[in-house]
Amino acid sequence: MPGKPIEGEKRVFMTGNEVVAWAALAAGAEIMYGYPITPQNEIMHYWTRLAPKFGREFLQTEDELSAGFTTIGGVLAGKKAFTATAGPGNTLMQEPMSMAEAMRLPTVVVIQQRGGPSTGTVIYSQQEVTMTTLGGNGEGMRIVYSTATHQELFDYTIKAFNTAWKYRFPTFILGDGYQAKAREPLTIYDPELRGITMVPAEPLVGKPGVPGVDRPPVHLRNTYNVEEELYELVGSLVRDFERIAPEVAEYEAFGLDDAVLAVVSHGVVSRACKAAVKELREAGYKVGYFRPVTLRPLAVPALQEAAQKAGRFLVVESAQGQLARLLKDALYGSTAEMLPLYKPGMGITAEDVVARVKEILG
Amino acid sequence: MAKVSRILLAGEGGQGVQSVAEILAEAAYEEGREAVYIPNFGVEQRGGVSIAFLQISDEPIGSPKFNTGDIVVALSGRAVSRVRQYVGPETVFVYDSSIEVEREELPSQAKRILAIPAVEIAKKELHPRVFNVLIMGAVIRATGVVSEEEAKKAIEKRLGYKFAQDPKLRELNYRALERGMELVAQAG
């Protein structure tokens, strides 16, 4: 029996891609399926280097469609399976993940966003929000964690496996090229040591016993003959998703009580926003900070409260309003004003946010 | 905002700017400080100007890239024009004096502009291979982001296996670091 990938806990200094590989190992992922694309390549590289030492496996497929479907195959066979992709690879990934949504399969996909549309840049963006939260044909019944730091990349990659296997919805870690390629310090750990119990995987097909006699038959479908059947399925997906949403949704906020403006952002951009809001508050500006950690489902009641308190949002993102669109949907009926700081495919610094807030508040 | 030291290094592929940033980041990390290092990367495998963004602070750091550096180092003619946008009125701009550049091509908005003969000294006094360590010495002296001692430890950590085979290399690297520090001291 190979030892644990991480004994106890350890302070390390590494790239985000390396962090994801370690987190997947620590979470007990058994196999990664993947196809190379920048900026997620090193997840595969580190995984292929580390996995054999701990009895884990890797399969390189011919493209991202195949990487997604083989991940589904791994999950059906009862393996904790995951894949990672970016940009145009994420586009192809939507087809298999739509199937995972239909069949309630606990797939885990790590996205390191790059610039779009199309090949765009291999560098960075937050332009895969719409696709990752709502992509594929279907209703977007999936869970998306948007991480901001290497520590969160580690924590939430572990959590994603538990969320997926507990709730049986496709689960995504939404990172980006900056998080993928930057090096920064974090603590990696054995989840057990932190009181995290990993939800065990189990085969979804080929179970023991006679179907219909010893156990209910497994009937996984993605094809339906009549509208009513599909309608019933989608209804149950939506109901289940809405039921778990309050349990799954996470956010981070401060400074809202006296705020006349709330800066709303997600992922790596929230680091700049947090620094900016702290600086502005020290300078006497009544500015609050709100950051959804889960982009799907959103923490709707908390968001509504923030909108009511601040009355005005400054939405900051490295995309042309993809986060804002999700917020507007969640806040329908609210009179809160939404002001933009959109820089699609470009990094955003604390200085950019401070300058924009001062422009708004005078 | 907490004081963050922002360092930008730019040069041609092979000049070792990425290793300098990485070693400095590790030195800061070993000192128990926050550090974020990110290279610029694109579709090109060769041929572009290589840029390293490095930030060191005592508190968590915001975005991995930044608009303006405290110190901006350009090690080639192309790098000088490429990094101009990162130079502000508080920036110390350092470039190699062997670069043939017109005065108006230099970022005149900088607080200070230092020309140091790093290429020449690495070639004549030391060895071209330790050019980047010399640059590292210059950055340390200009910013004080990490101590000389911690920088030496980080070099040891990275190149210790080579030093074990040839102890003279250690001496060469340390001398390069010290010479880099001297160059900035003299230029200032």
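A few comments on the model shown:
- Scanning segment B:43-56 for residues that are out of contact with any Leu (no Cβ under 9 Å at 6 or more places or on another chain) and under 26 Å from residue B:131 (Cα atoms) yields B:44, B:45, B:46, B:47, B:48, B:49, B:55.
- Enumerated strands (runs of 3 or more DSSP E) restricted to segment A:254-362, each holding at least 1 residues that are touching a residue at least 24 places away in the same chain (Cβ under 8 Å), small (Gly, Ala, Ser) and not assigned by TED's automatic domain parsing to the domain that holds residue A:114: A:261-264, A:287-292
- Per the conditions (1) within 14 Å of chain B (Cβ to nearest Cβ); (2) farther than 26 Å from residue A:171 by Cβ, the sole criterion not satisfied by residue A:310 is (1).
- Restricting segment B:95-118 to residues that are outside any loop (DSSP other than H, G, I, E, B) and in contact (Cβ under 8 Å) with a residue 24 or more places away in the chain, the residue that is farthest from residue B:77 (Cα to Cα) is B:112.
- Residues of segment B:89-99 that are under 20 Å from residue B:138 (Cβ atoms) and more than 13 Å from the chain's Cα centre (by Cα): B:90, B:91, B:97, B:98, B:99.
- In the set (1) more than 23 Å from residue A:134 (Cβ to Cβ); (2) away from chain B (no Cβ under 14 Å); (3) among the hydrophobic types (A, V, I, L, M, F, W, C), the condition left unmet by residue A:12 is number (2).
- Residue that is surrounded by the most Cβ atoms within 10 Å (Cβ to Cβ) [pool: residues in segment A:113-151 that are within 10 Å of the chain's Cα centre (by Cα) and not in a loop (DSSP other than H, G, I, E, B)]: A:146
- Test: residue in segment B:121-141 that is outside any helix (DSSP H, G or I) and either surrounded by fewer than 17 Cβ atoms within 10 Å (Cβ to Cβ) or under 17 Å from the mean Cα position of the chain (by Cα) (or both): yes
- Residue within segment B:165-174 that is part of a loop (DSSP other than H, G, I, E, B) and out of contact with any strand residue (DSSP E or B) (no Cβ under 6 Å at 6 or more places or on another chain) present: yes
- Single residue of A:361, A:341, A:323, A:327 found to be more than 24 Å from the chain's Cα centre (by Cα) and either modelled with pLDDT of 95 or more or among the hydroxyl-bearing types (Ser, Thr, Tyr) (or both): A:361
So that you can scan it fast, the table gives a plain yes or no per residue for (1) among the aromatic types (Phe, Trp, Tyr); (2) within 14 Å of chain B (Cβ to nearest Cβ); (3) over 24 Å from the mean Cα position of the chain (by Cα); (4) part of a loop (DSSP other than H, G, I, E, B):
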residue	(1), (2), (3), (4)
A:178	yes, yes, no, no
A:186	no, yes, no, no
A:192	no, no, no, no
A:196	no, no, no, yes
A:199	no, no, no, yes
A:202	no, no, no, yes
A:205	no, no, yes, yes
A:208	no, no, yes, yes
A:213	no, no, yes, yes
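- From the options B:76, B:63, residue that is farther than 28 Å from residue A:87 by Cα and of a type in the set (Gly, Ala, Ser): B:76
- Of the criteria (1) touching a residue at least 24 places away in the same chain (Cβ under 8 Å); (2) within 11 Å of chain A (Cβ to nearest Cβ), which one residue B:42 fails: (1)
Matching residues to (1) in a strand (DSSP E or B); (2) small (Gly, Ala, Ser); (3) surrounded by fewer than 22 Cβ atoms within 10 Å (Cβ to Cβ):
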residue	(1), (2), (3)
B:10	yes, yes, no
B:27	no, yes, no
B:38	yes, no, no
B:41	no, no, yes
B:53	yes, no, no
B:62	no, yes, no
B:67	no, no, yes
B:73	yes, no, no
B:89	no, no, yes
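The values are calculated or read from the model by the stated rules, or taken from the named source; none is laboratory data. Remember, it's a predicted structure, so these values are computed and weren't measured experimentally. We place every Cβ from the backbone using ideal geometry, glycine too, and count neighbours over all the protein chains shown.
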